[in-house]
């Protein structure tokens, strides 16, 4: 069946990755700080930006209309008030648009809120009530934990195929293409889905090589009329829908191909699951290795992965970096208190970093240290890389603090290390340092990979542990009785 298209398409979205172990709750203010816009303000926010919405906009053309677009940095559990407000506004903005030929929704797939464990399913069910029987296509993050409830409410699903995520714009384009095809053909609810009880560390999920590269290649080899994706999932979310997902879109009338292909991918996952190693070492081992390195080294603070929902406050690496003396190194932390102290002292003044700076298990200093305030800035920069390249990001008031060869960047807003401009906007040339640091897993690689000679992943404490099984606190995992698999987590110490 083919349908003549007379109306316009719509774009909306609510995007946030929830770390249920994260120390900070996610409030409506976090969305207001990053993105909470509607209507033509969405177009203005994403024009010329390498984002999902930017890609969908380009594909669907000038007649596309916009509902709500909300986004916040990864963090802790979303408050019930924020979730309910976002769901309500999402629904109201779609009602404002009136009839549409189809809807593209930018989601993450690992968002959870107090009392609302499957926010994305609630959003799509609300959308369905408004738009009726027109195609709804969602774009999911590579680290999505989609539920059967969510996918059962969609007509199509597209997921990032890269980590680091360098294909957000392209997946937005693909979602626009898919929603148009579904509107023309009249096909609905064509998704097949398998969830595997496998939690892999983000350190093992890179798509340039290794097991995820093999799985991405397998998914891309779908037969005509089938489009498939595999998301390894987000392991730092204590919900029953966590795990690896196989998502297959059936685009023609031959359901046997989709049925067979989803089983083939399930078998392929089983063939590669034991290849997901975790290359992290403890602090002492990391700095022992670092002292023997030549060239430029990236030291990765895995436990304080800001892009995975940690707070960015950890000083776990600080004592070791200070011990390097004149060797040039740089560390970024989120510390509104340090920024305020630096502003009070002014450039050239001294800021006191007390022992135990950081919070709780993140403490990293045994004695107090003084730093000189070298620079103060507003923390704004425009990104040039793949991850939402073209967008202006806000770190909040920011201070550059100096002591011997170390530069300590203190920000007001925890900001993942996705862009070189995070440093260059502050007058810091990454190539001037012997040791770079990143509070992350692999996402920093898109910006920094070509600048470093070697990388050391440090198994630091925090809510984004290198070994996901260390995080389990409740019985939510495996609620269906499944035996969970944690590849690479045996005999790690």
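Any read-out appearing in this document is the output of simple, stated calculations on the displayed coordinates, not a laboratory observation. Just so it is clear, the structure is predicted and the values come from calculations on it, not from any experiment. Note that we place each Cβ from the backbone using ideal geometry, even for glycine, and neighbour counts take in every protein chain shown.
The slack in the chain from residue 185 to residue 221, taken as 0.36 nm per residue of separation less the alpha-carbon distance, amounts to 10.6 nm. Neighbour counting of Cβ atoms within 10 Å sorts the residues 294, 161, fewest neighbours leading, into 294, 161. Peptides 55-66, 105-116, 453-464 ranked from most to least packed by the mean count of surrounding Cβ atoms within 10 Å: 105-116, 453-464, 55-66.
Find how much the distance from residue 133 to residue 424 grows on full extension, using 0.36 nm per residue of separation minus their present alpha carbon separation; answer in nm with one decimal. Result: 99.9 nm gained on full extension. Once both labels are positioned 7 Å from their Cα atoms along Cα-to-Cβ, the gap between residue 352 and residue 394 label points is 3.2 nm. Computed packing ranks the peptides 166-177, 375-386 as 166-177, 375-386, most packed first, by mean other Cβ atoms within 10 Å.
Residue order for 434, 255, fewest other beta carbons within 10 angstrom first, comes to 255, 434. Reducing the range 279-337 and the range 369-443 to their Cα centroids gives an inter-centroid distance of 14 Å. Per-residue Cβ neighbour counts within 10 Å put 143, 352 in the sequence 352, 143, beginning with the fewest. Between the Cα long axis of helix 119-131 and the first principal axis of the chain there is an angle of about 40°, rounded to the nearest 10.
A crude spin-label estimate for the pair residue 81 and residue 404, with each label 7 Å from Cα along the Cβ direction, gives 4.7 nm. Can you tell me the 0 to 90 degree angle between the C-alpha axis of helix 255-272 and the longest principal axis of the chain, rounded to 10? The answer is roughly 20 degrees.
Across the chain, the relative contact order, built from alpha-carbon pairs under 8 Å that are at least six residues apart, equals 17 percent. Relative to the dominant Cα principal axis of the chain, helix 210-220 is inclined by about 20°. On the beta carbon distance between residue 213 and residue 328, with R0 = 30 Å, the FRET formula returns roughly 0.35. Over 23 Å apart: what share of the alpha carbon pairs of the range 1-102 falls there, rounded to a whole percent? Distances greater than 23 Å cover 33 percent of the Cα pairs.
With contacts taken as Cα pairs under 8 Å at a separation of at least 6 residues, the range 147-246 carries a relative contact order of 30 percent. Using 1/(1 + (r/R0)^6) with R0 = 41 angstrom and r between the beta carbons of residue 483 and residue 254, what's the FRET efficiency to the nearest 0.05? Working from the Cβ atoms, E equals 0.75. The length gained on full extension between residue 368 and residue 149, counted as 0.36 nm times the residue separation minus their Cα-Cα distance, comes to 73.7 nm.
Could you give me D for the chain, from Stokes-Einstein at 20 °C and 1.002 mPa s, where the hydrodynamic radius is the Kirkwood radius over C-alpha pairs? Units µm² s⁻¹, please. My calculation gives 93 µm²/s for D.
Using only DSSP helix segments of four residues or longer, with each worth -39500 (n - 2.57), what per-residue ellipticity at 222 nm results for the chain after dividing by its residue count and rounding to 500? Could the numbers behind the result be given before it?
Values: 14 runs with 138 residues, N = 493.
Computed mean residue ellipticity for the chain: -8000 deg cm²/dmol.
For the range 280-466, what does the relative contact order come out to in percent, with C-alpha contacts under 8 Å and a separation of six or more?
Result for the range 280-466 is 38 percent.
DSSP finds beta bridges in the range 280-466, and of those with both partners inside it, around 50 percent are antiparallel. In the chain, the DSSP beta bridges split such that about 45 percent are antiparallel, to the nearest 5. With kT/(6 pi eta Rh) evaluated at 4 °C and eta = 1.567 mPa s, and Rh the Kirkwood radius from Cα pairs, the range 10-275 diffuses with a coefficient of 71 µm²/s according to Stokes-Einstein. Rounded to the nearest 0.05, what FRET efficiency is calculated for residue 95 and residue 380 with R0 set to 35 Å and r the Cβ-Cβ distance? That pair, residue 95 with residue 380, gives E of 0.50. Each part reduced to its alpha carbon centroid, the range 60-110 and the range 190-266 end up 25 Å apart. Pairs of Cα atoms in the range 280-466 fall into 10 Å distance bins, from 0 up to the last occupied one, in shares of 10, 40, 40, 9, 0 percent. When each of the peptides 181-192, 306-317 is scored by how many other beta carbons lie within 10 Å of its residues on average, the order from highest to lowest is 306-317, 181-192.
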